[in-house]
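The values are calculated or read from the model by the stated rules, or taken from the named source; none is laboratory data. Since the model is a prediction, treat every value here as computed from it, not as a measurement. All Cβ positions, glycine included, derive from the backbone under ideal geometry; neighbour counts span all protein chains shown. These area figures cover heavy atoms from the full protein model, side chains too; ligands, DNA and RNA do not enter into them. Shrake-Rupley method; radii C 1.70, N 1.55, O 1.52, S 1.80 Å.
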Amino acid sequence: MVTTPLDILKKYWDYHSFRSLQEEIINSAIQQKDSFVVLPTGGGKSVCYQIPAMLQDGVCLVISPLIALMKDQVQNLQKKGIKAIALDSSLNYQDLDRELNNCLYGSYKFMYLSPERLQSELVLQRLKNININLIAVDEAHCISQWGNDFRPAYKHIQKVRDLIPSIPIMALTGSAKPKVIDDIIVNLNLNQPELFKGSFKRKNLAYMVFNTENKQAKLLQILKKNTQPSIVYVRNRKKTKQLSEFLQEQGITASYYHGGLTTDEKELHFKLWSTNQAQVMVATNAFGMGIDKADVKTVIHLTPTENIENYYQEAGRAGRDNTKAYAIILKSNDDILNLKNQQFSALPNKTDLKNVYKKLCSYLRIAYQEGEHINYDFNIYEFCKHYQFNITKTINAITFLDRQGVLKFSKEFKHKTTIHFLVDSYNLIRYISTHKHHNTLLNFIIRSYGGAFESTITIDLNFIHSKTRISKNEIKEQLIALEKNEIIKLQLFDSDISITMLEPREDDKTINRISKYLEQQNNLKKEQLNAVINYLENTTTCKETLLLSYFGEHLNTPCGCCSFCVAEKITLKESGIILHDKIITLLKKQPMTSTKLEQQLECSSENLITALRSLLDASKIKLLANNKYTVN
């Protein structure tokens, strides 16, 4: 019979012991206490609320900001035979009503909810009737104005505490500075919470920063030396494919991953890497959730991240099997300047935000005080081109609107333009001979997309336009004509982004309400970027010490294995050899005391004593009865 936390762990997770702090956190929840959990990436946060919920009657309410993260958690629980459901912001009123009834009567153990849902009276009323045994607030740093990724919607969690004040709350985050922790405790109204803070120190992980002007050569050197599984993070999607192809050409098996791949492509590419058919996964930061491969030897960043929080999380995917592993940043002389330019020039101010919001509503034809809960397909490139907006700044402005709960900015890339040839290559050539105006388009598709005649292929209209100079409208017209002539089967879709307005259009009223948070978040991003620059350029401090001090944790001694510590050892060794030679040269002239040698050499007494002991051990010098040293 399952009666203890360890029984649950063994039955559903197939582990036979808890990680550090997990059991204490679980027992605190079982004892109905509020708790605050700070466990770094890979520390097993979800188990901390899932196991106590499994041991008690009722449903665990999990509040999480990311739809993809909720779905991933629900799928993992369902695979274990545990009933779980996600009520994200994409559900309409009728679907939400039905699913809430399922939570009330359907013996679910976990109900995942986006914080925006707590603005709904329907949700709040139903929560009073559902038997909730624990409230878990994931990514709790989102409630703090000083936290990375602040979301005002998290403030609504207080409403749940007011509705069911006797139910314990567990706040969880992977990284939080001391000021953020204090802010979270106040904002969630936690009642004398027990604080559980895991160490950010990873004893088996060496943090390395290498300055190089030839990143590809250095990357090859690292990957050929360490042939175990690796992740290489790059800044954009195009680079993922380019770099993976380059590595393949160099004899290194590689796959690639980014947010624009279809679900099937993501699963295929991930399987190649997870089963070790590909040594390297080249990816954007979209490669993150559910990555539990334990034997990753190296995580390499070809460009720095914008903040330490993201870097620590991504770097932490290395060495989860507790064997020696490396987290490496390859830095060129231009990286810092480029990072500053990209970050600071792309931060929208209040005027930018107002312009983007108003133009977006006009572009989507949303009338004043209308548009709430309507979904719109959206092509951000066309939008920026139409209004001559900077695309990066525009994305940041729309992302900010998303995080403030004004709209939902979905980049799940569910829809792609696909074609399937209904004729073979011979009959296609015959067709082209009588329809010469399709020649350029068809030949480009055949050359650029492998397996065109074997299966359905996904094509990129923007890519085709950029290479052939055929206008997008003309490409669409030709594809429709080809379908009409029964040459291809076509599914035409010209947008990979959707926008759902979460509140009616109110222009200045909306922007004035949220703009106070914009300057605050911009200042926070600048502080975070400066911390990254300090980490990269500091030449006087251990890299692990720099990382841990950022999170409020302090080391008494350097790690001994980061790029700084390794360089220090080499320098000390080289300076020691030079010191040995100088001592021998002086002692050949005459015997000397250590005091006289120190005066002559102008070195520290500690370095001199170390050098003298080394020379004595090697029998290169000897100590005379008068306390003078001489050569043997």
LEU6 being assigned to a helix (DSSP H, G or I), free of Cβ contacts under 8 Å to residues at least 40 places away in the same chain and open to solvent by less than 60 Å² (accessible area, probe 1.4 Å): yes
Residues located in the stretch 343-355, provided they are among the hydrophobic types (A, V, I, L, M, F, W, C) and open to solvent by 10 Å² or more (accessible area, probe 1.4 Å): PHE344, LEU347
Residue, farthest from ASN76 (Cα to Cα), within the stretch 284-299, restricted to residues that are touching a Ser or Thr at 6+ places or on another chain (Cβ under 7 Å) and at pLDDT below 95: THR284
Among (1) part of a loop (DSSP other than H, G, I, E, B); (2) open to solvent by less than 10 Å² (accessible area, probe 1.4 Å); (3) touching an Asp or Glu at 6+ places or on another chain (Cβ under 7 Å), the one test that PHE150 misses: (3)
Qualifying helices (runs of 4 or more DSSP H) (wholly inside the stretch 169-264; at least 2 residues being over 29 Å from CYS48 (Cα atoms)): 215-225, 237-249
Any chance ILE480 is assigned to a helix (DSSP H, G or I) and in contact with a strand residue (DSSP E or B) (Cβ under 9 Å, 6 or more places away or on another chain): yes
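For (1) open to solvent by 20 Å² or more (accessible area, probe 1.4 Å); (2) out of contact with any Gly (no Cβ under 9 Å at 6 or more places or on another chain); (3) modelled with pLDDT of 95 or more, each residue gets a yes or a no:
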residue	(1), (2), (3)
ALA176	no, no, no
TYR207	no, yes, yes
ALA217	yes, yes, no
LYS241	yes, yes, no
ILE252	no, yes, yes
THR263	yes, yes, no
Conditions (1) open to solvent by 70 Å² or more (accessible area, probe 1.4 Å); (2) farther than 24 Å from PRO504 by Cα; number of the one not met by HIS420: (1)
PRO304 touching a strand residue (DSSP E or B) at 6+ places or on another chain (Cβ under 9 Å), in a loop (DSSP other than H, G, I, E, B) and crowded, with 18+ Cβ neighbours inside 10 Å: yes
Residue that is more than 21 Å from PRO178 (Cα to Cα), open to solvent by less than 80 Å² (accessible area, probe 1.4 Å) and touching a strand residue (DSSP E or B) at 6+ places or on another chain (Cβ under 8 Å), where the choices are LEU547, LEU536: LEU536
Filtered residue count, the stretch 217-268, keeping only those that are among the polar types (S, T, N, Q) and more than 24 Å from GLN313 (Cα to Cα): 6
One residue from LYS525, LYS516 being touching a residue at least 12 places away in the same chain (Cβ under 8 Å) and not aliphatic (A, V, I, L, M): LYS525
Pair list, Cβ < 8 Å and 6+ apart or interchain, from the stretch 528-545 residues that are closer than 15 Å to LEU330 by Cα to residues that are β-branched (Val, Ile, Thr) and part of a helix (DSSP H, G or I): VAL532/ILE308; ILE533/ILE336; TYR535/ILE308; LEU536/ILE336; GLU537/ILE336
Condition met for PHE196 (open to solvent by 10 Å² or more (accessible area, probe 1.4 Å), in contact (Cβ under 8 Å) with a residue 40 or more places away in the chain, farther than 24 Å from GLY405 by Cβ and hydrophobic (A, V, I, L, M, F, W, C)): yes
Inter-residue pairs, beta-carbon under 7 Å, first at pLDDT 80 or above and in the stretch 573-591, second open to solvent by 90 Å² or more (accessible area, probe 1.4 Å), 6+ apart: ILE584/LYS620; LEU586/GLN600
Within the stretch 66-96, tally of residues that are open to solvent by 10 Å² or more (accessible area, probe 1.4 Å), modelled with pLDDT under 90 and either in contact with a Pro (Cβ under 6 Å, 6 or more places away or on another chain) or of a type in the set (A, V, I, L, M, F, W, C) (or both): 5
Complete set of residues in the stretch 270-296 that are open to solvent by less than 50 Å² (accessible area, probe 1.4 Å), over 28 Å from ASN338 (Cβ atoms) and touching a strand residue (DSSP E or B) at 6+ places or on another chain (Cβ under 8 Å): TRP273, ALA278, GLN279
Lone unmet requirement of (1) farther than 27 Å from SER46 by Cβ; (2) part of a loop (DSSP other than H, G, I, E, B) for ASN322: (1)
When residues of the stretch 97-107 are limited to those that are charged (D, E, K, R) and closer than 20 Å to VAL160 by Cβ, the one surrounded by the fewest Cβ atoms within 10 Å (Cβ to Cβ): ASP97
Whichever residue in the stretch 441-475 is open to solvent by 50 Å² or more (accessible area, probe 1.4 Å) and closer than 15 Å to ILE487 by Cβ and, among such residues, is farthest from the chain's Cα centre (by Cα): ASN443
